[in-house]
Amino acid sequence: MQHLYKQGTNDYTILLLHGTGGDENSLLQLASLVDEQANVLSVRGNVLENGMPRFFKRLAEGVFDFEDLALRTEELYAFIGEASERYAFDRTKVIALGYSNGANIAANLLFTYADALAGAVLHHPMVPRRDADMPNLQNVPVFIGAGTNDPLCTKEESEELAERLIAAGAQVDTSWFHFGHQLTMDEVQAATAWYQKTF
Ligand code: MLT
């Protein structure tokens, strides 16, 4: 997968996953705010929708192509493994930081594999699928940044995602913002504070 890798000085690797229309450069600043010393693996989604990179296909806004979601999740999981060998980072210390479509594929990594992520910062995620036989996510810390007026990820859906993750054993912290789908500085600061107290 097209990506950027930046070597850091601690054991963590931040896996950056952009929103629709972004690329591997879009969230770089967030990684340095959250953990300046971590390695950064920033990946570009392999799907193009009218020229806009995404991590998996959708049939309409908020309506996922589940077959493609499964395939792309497997592809991303394999890619993280390959990258950990190529760049010699600790595969057990990968923390996803994703926004919107990137948060959705990160959520689906959590819904699919017990060992994909050591933690996740999910900005405006949705429930990736409802058929999942959840893996054991015991003690995996997850931050959810949600908007009370987000038309794509409703309040109910954000709450449902948190409940499903908690039921699988994850430690979920949800922060609410009185905005829509956009990522605000307040939310970035809340995610940074959460990350720094958690890792
Ligand atoms: C998605 O397709 O992942 C969600 O609708 C969020 C988006 O990318 O717009």
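The values are calculated or read from the model by the stated rules, or taken from the named source; none is laboratory data. Computed from a prediction, not measured in an experiment: that's the story for all the values here. Here the Cβ positions follow ideal geometry from the backbone for every residue, glycine too, while neighbour counts run over all protein chains shown. Surface accessibility is based on the protein's heavy atoms, side chains included, excluding ligands, DNA and RNA. Shrake-Rupley method; radii C 1.70, N 1.55, O 1.52, S 1.80 Å.
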Query raised in the report: With all protein chains present and a 1.4 Å probe, how do 185, 126, 52 order by accessible area, largest first?
Result: 185, 52, 126
Requested in this report: Pull out a ≥ b ≥ c, the square roots of the eigenvalues of the alpha-carbon gyration tensor of region 106-185, then state rounded if a/c is under 1.5, prolate if not and a/b is larger than b/c, and oblate in the remaining case.
Outcome: prolate
Query raised in the report: If you roll a 1.4 Å probe over the heavy atoms of the protein chains, what accessible area per residue do you get for region 88-199, in Å²?
Result: 40
Query - In range of the label at residue 182: residues from region 117-143 whose backbone nitrogen is under 19 Å from the point 7 Å along Cα→Cβ - result: 123-125
Requested in this report: Any chance you could run the full-extension gain for residue 4 through residue 70? It's 0.36 nm times the residue separation minus the Cα-Cα distance, nm to one decimal.
Outcome: 21.4 nm
Query raised in the report: For the chain, what is the calculated [θ] at 222 nm in deg cm²/dmol (nearest 500), taking -39500 (n - 2.57) for each run of four or more DSSP H residues and dividing by its residue count?
Result: -11000 deg cm²/dmol
Query raised in the report: At what distance in nm do the modelled label points of residue 86 and residue 163 sit from each other, each positioned 7 Å from its Cα along Cα→Cβ?
Result: 4.1
Query raised in the report: What is the extension gain from residue 133 to residue 33, computed as 0.36 nm multiplied by their sequence separation minus the C-alpha to C-alpha distance, in nm to one decimal?
Result: 32.6 nm
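Normalised by the residues of the chain, what does the relative contact order come to in percent, with Cα pairs under 8 Å and at least six apart?
Dividing the mean separation by the residue count of the chain yields 18 percent.
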Report task. Before anything else, pin down the relative contact order of region 102-185: Cα pairs under 8 Å, at least 6 apart, normalised by residue count, whole percent. Result -> 30
Report summary line: Ratio for region 12-96, C-alpha Rg to 2.2 N^0.38 Å, reads 1.14
Report task. Can you tell me the relative contact order of region 33-101? Whole percent, Cα pairs under 8 Å, sequence separation 6 or more. Result -> 18
**Report entry** GNM flexibility winner over the chain from 181, 124, 18 (Cα, springs under 10 Å)
**Finding:** 181
**Report entry** P(r) of the chain over all Cα-Cα pairs, binned every 5 Å from zero, in whole percent
**Finding:** 1, 8, 18, 22, 23, 17, 8, 2, 0
Report task. Kindly rank 174-180, 117-123, 107-113 from highest to lowest mean number of other beta carbons found within 10 Å of each residue. Result -> 117-123, 107-113, 174-180
